[in-house]
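Step one of this worksheet: look at the structure below.
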Amino acid sequence: MQYRNFGKLGVSHSAFGLGCMRFPMKEVDGNSVVDEENAISIIRAAIDGGVDYVDTAYVYSRGQNESVVGRALADGYREKVALATKLPTWNCEKTEDFMRLFEEQLASLNTDHIDFYLVHALNRSAWEKVRDLGVREFLDELKREGRIKYACFSFHDNYDAFEYILNDYDWDMCQIQFNYLDVVGDRPGLRGLELAGKKNIPVVIMEGLLGGKLASVPADVAEIFDEYKEKRTPVEWAFRWLCNFPQVATVLSGMTNLEMTKENLRIFDSIDGSMTDEELKIVERAREAYLARIRVGCTGCKYCMPCPQGVDIPAVFSAWNDGYRFDDISITSNKLSRLEKDEKGVSRCVECGACSAVCPQSIDIPTMLRAAVFDSQKNNG
Ligand code: SF4
Ligand code: SF4
């Protein structure tokens, strides 16, 4: 396992950071709950394999995630890792909410301190709201008291908002979405990475596989990867590319089973953080081929859910992209019909716009939902 520098913090942590967002779930008495036994196996296998950075959040797994992580880190595992969790800004309406939520998180995680405490999912307006409620002073106080080691933020907005937030407080770390498709577009991407690097602020990467979309690539992208002399999976290409940037501290990866965890450990054990020009050109060509196919850049994060009308937004977008990814638009139309039968279809949308307002990918969701239906009907006869 490669251990990478965290810029100005003077510490290092594993290149592979354990993202806890995608734990396996199961149905119990009609409720969706974390499959705790499997989740704990994943966490402990990762730590036993050298991972020393664990990332959770108040909101993950419908609010169950931190408690599961807390139980997984019993029996001496807490001492082996840096623990990151996040303050849910959308639950903060008054200054007292910061401490109330933080105390609740410490109790759930069964710990007396958080190593990396992130203000969660900032965009410009969320930052201004919590800043004006005094979150900077709150973070300073927690650091003074040793209840957090580092004050950080995770981010979902454009480059300008990133620059604004990065310069508005003395941050210890930031977490951004970055993958080989994010070189284009208005996200912080490469420019954001360089800006943080100039300030020596370490960057933790999320969505390195775009919600798993870069794990199973279309045939033309696979062919490009296969031209390389050494056989590598698409996941391996994506992670290698990220680790090629010195500003990248840790790459988060969320796993739903033990096999994926073992595979990630294998990949990160083989990464040394240097790619040749030939390898970089292969990724560039893969990017061009991939971007030509995707219809909507939904990562499946579900921040837009639940829709008050019951539309399963990420399922619609996933069906649309899959139709193009696999060159079979009937995949899209069949899935959209099933969603209609299950009363989760696009026809229920009343265009209230609530979903677009919280989408970290800035997708005009109602418009794109209609486009998915129109496209699948047009191209499927
Ligand atoms: S715009 Fe449509 S999909 Fe979005 S929240 Fe409103 S009803 Fe749901
Ligand atoms: S539409 Fe936006 S908020 Fe909803 S799942 Fe996709 S990326 Fe996330």
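The values are calculated or read from the model by the stated rules, or taken from the named source; none is laboratory data. Computed from a prediction, not measured in an experiment: that's the story for all the values here. A quick note on method: Cβ atoms are made from the backbone with ideal geometry, for glycine too, and the neighbour counts reach across all protein chains shown.
Take the conditions among the charged types (D, E, K, R) and under 20 Å from the mean Cα position of the chain (by Cα) and apply them to Lys262. Does it pass? Talk me through it step by step, then tell me what you get.
Details: among the charged types (D, E, K, R): yes; under 20 Å from the mean Cα position of the chain (by Cα): yes.
In short, yes.
Looking at segment 213-231, which of its residues are assigned to a loop (DSSP other than H, G, I, E, B) and crowded, with 17+ Cβ neighbours inside 10 Å? Give the derivation first.
Here is the first cut: in segment 213-231, the residues assigned to a loop (DSSP other than H, G, I, E, B) are 213-218, 227-231.
Those that are assigned to a loop (DSSP other than H, G, I, E, B) and crowded, with 17+ Cβ neighbours inside 10 Å: Lys213, Leu214, Val217, Pro218.
Kindly check whether there is at least one residue in segment 278-287 that is assigned to a strand (DSSP E or B), among the aliphatic types (A, V, I, L, M) and crowded, with 19+ Cβ neighbours inside 10 Å.
The initial filter retains those residues of segment 278-287 that are assigned to a strand (DSSP E or B), namely none.
No; the residues of segment 278-287 include none that is assigned to a strand (DSSP E or B), among the aliphatic types (A, V, I, L, M) and crowded, with 19+ Cβ neighbours inside 10 Å.
What's the number of the only condition in (1) assigned to a helix (DSSP H, G or I); (2) under 27 Å from Phe155 (Cβ atoms) that Thr299 fails to meet?
So the condition that Thr299 fails would be (1).
Return the total of residues in segment 357-376 being within 15 Å of ligand 2 (Cβ to nearest atom), of a type outside the set (A, V, I, L, M, F, W, C) and either at pLDDT below 95 or part of a loop (DSSP other than H, G, I, E, B) (or both). Outline the logic, then answer.
Just the residues of segment 357-376 that are within 15 Å of ligand 2 (Cβ to nearest atom), to begin with: 357-372.
Narrowing the set further to residues that are of a type outside the set (A, V, I, L, M, F, W, C) leaves 360-362, 364, 366-367, 370.
Filter once more, keeping what is either at pLDDT below 95 or part of a loop (DSSP other than H, G, I, E, B) (or both): 360-362, 364.
Adding up the residues that qualify gives 4.
Give just the number: which of (1) outside the structural domain of Leu214 (by TED's automatic domain parsing); (2) touching a residue at least 40 places away in the same chain (Cβ under 8 Å); (3) over 18 Å from Phe178 (Cβ atoms) does Gly300 not satisfy?
(3)
Could you grab me the full set of residues in segment 286-301 that are closer than 16 Å to Leu369 by Cβ and within 16 Å of ligand 1 (Cβ to nearest atom)?
Within segment 286-301, Val296, Cys298, Gly300 meet the criteria.
Taking the criterion of being surrounded by fewer than 20 Cβ atoms within 10 Å (Cβ to Cβ), away from ligand 1 (no atom under 13 Å from the Cβ), of a type outside the set (Lys, Arg) and not in a helix (DSSP H, G or I), would at least one residue in segment 302-319 satisfy it?
No, that holds for no residue.
Quick one: what pairs do we get from segment 143-156, first residue within 12 Å of Phe102 (Cβ to Cβ), second at pLDDT below 95, C-beta under 9 Å, 6+ apart or different chains?
Once the first residue is within 12 Å of Phe102 (Cβ to Cβ) and sits in segment 143-156, no partner that is at pLDDT below 95 comes close enough.
With the requirement that a residue be within 30 Å of Leu122 (Cβ to Cβ), loosely packed, with under 14 Cβ neighbours inside 10 Å and more than 8 Å from ligand 1 (Cβ to nearest atom), what does segment 334-361 give you?
Passing the criteria: only Ala357.
Whether any residue in segment 341-354 is within 30 Å of Glu227 (Cα to Cα), at pLDDT below 95 and either part of a loop (DSSP other than H, G, I, E, B) or of a type in the set (Phe, Trp, Tyr) (or both) is what I want to check. Before the answer, list the steps.
Of the residues in segment 341-354, the ones within 30 Å of Glu227 (Cα to Cα) are none.
Looking for residues that are within 30 Å of Glu227 (Cα to Cα), at pLDDT below 95 and either part of a loop (DSSP other than H, G, I, E, B) or of a type in the set (Phe, Trp, Tyr) (or both), one finds none in segment 341-354, hence no.
Return the residues of segment 6-37 that are polar (S, T, N, Q) and at pLDDT 95 or above; say none if nothing qualifies.
To start, the set of residues in segment 6-37 that are polar (S, T, N, Q) comprises 12, 14, 31-32.
Ser12, Ser14 - these are the residues of segment 6-37 that are polar (S, T, N, Q) and at pLDDT 95 or above.
Among the listed residues Glu230, Glu279, which satisfies the condition of being touching a residue at least 40 places away in the same chain (Cβ under 8 Å), out of contact with any Phe, Trp or Tyr (no Cβ under 6 Å at 6 or more places or on another chain) and more than 16 Å from ligand 2 (Cβ to nearest atom)? Full working, then the answer.
Working: Glu230 fails: touching a residue at least 40 places away in the same chain (Cβ under 8 Å).
After ruling out the rest, the residue left standing is Glu279.
Residue-by-condition table, conditions (1) out of contact with any Cys (no Cβ under 7 Å at 6 or more places or on another chain); (2) assigned to a helix (DSSP H, G or I); (3) surrounded by 15 or more Cβ atoms within 10 Å (Cβ to Cβ):
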position: Lys8; (1), (2), (3): yes, yes, no
position: Val33; (1), (2), (3): yes, no, no
position: Ile42; (1), (2), (3): yes, yes, yes
position: Ile47; (1), (2), (3): yes, yes, yes
position: Ala57; (1), (2), (3): yes, no, yes
position: Ser67; (1), (2), (3): yes, yes, yes
position: Arg71; (1), (2), (3): yes, yes, yes
position: Thr85; (1), (2), (3): yes, no, yes
position: Glu93; (1), (2), (3): yes, no, no
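Looking only at segment 195-209, which residues are among the small types (Gly, Ala, Ser) and either more than 17 Å from Phe116 (Cβ to Cβ) or out of contact with any strand residue (DSSP E or B) (no Cβ under 7 Å at 6 or more places or on another chain) (or both)? Don't jump to the end; show me each part of the working.
Narrowing segment 195-209 to residues among the small types (Gly, Ala, Ser): 196-197, 208.
Matches in segment 195-209: Gly197, Gly208.
Looking at (1) crowded, with 19+ Cβ neighbours inside 10 Å; (2) over 18 Å from the mean Cα position of the chain (by Cα); (3) closer than 23 Å to Asn179 by Cβ, can you tell me which one Asp322 breaks?
Unmet condition: (1).
Using beta carbons and a limit of 9 Å, which pairs, at least six apart or on different chains, have the first residue in segment 242-260 and part of a loop (DSSP other than H, G, I, E, B) and the second one among the aromatic types (Phe, Trp, Tyr)?
Phe245/Phe178; Met255/Phe23; Thr256/Phe23
Kindly provide the set of residues from segment 73-83 that are assigned to a strand (DSSP E or B) and touching a Lys or Arg at 6+ places or on another chain (Cβ under 9 Å), ordered by number.
Initial filter on segment 73-83 (assigned to a strand (DSSP E or B)): 82-83.
Residue satisfying the conditions is Ala82 alone.
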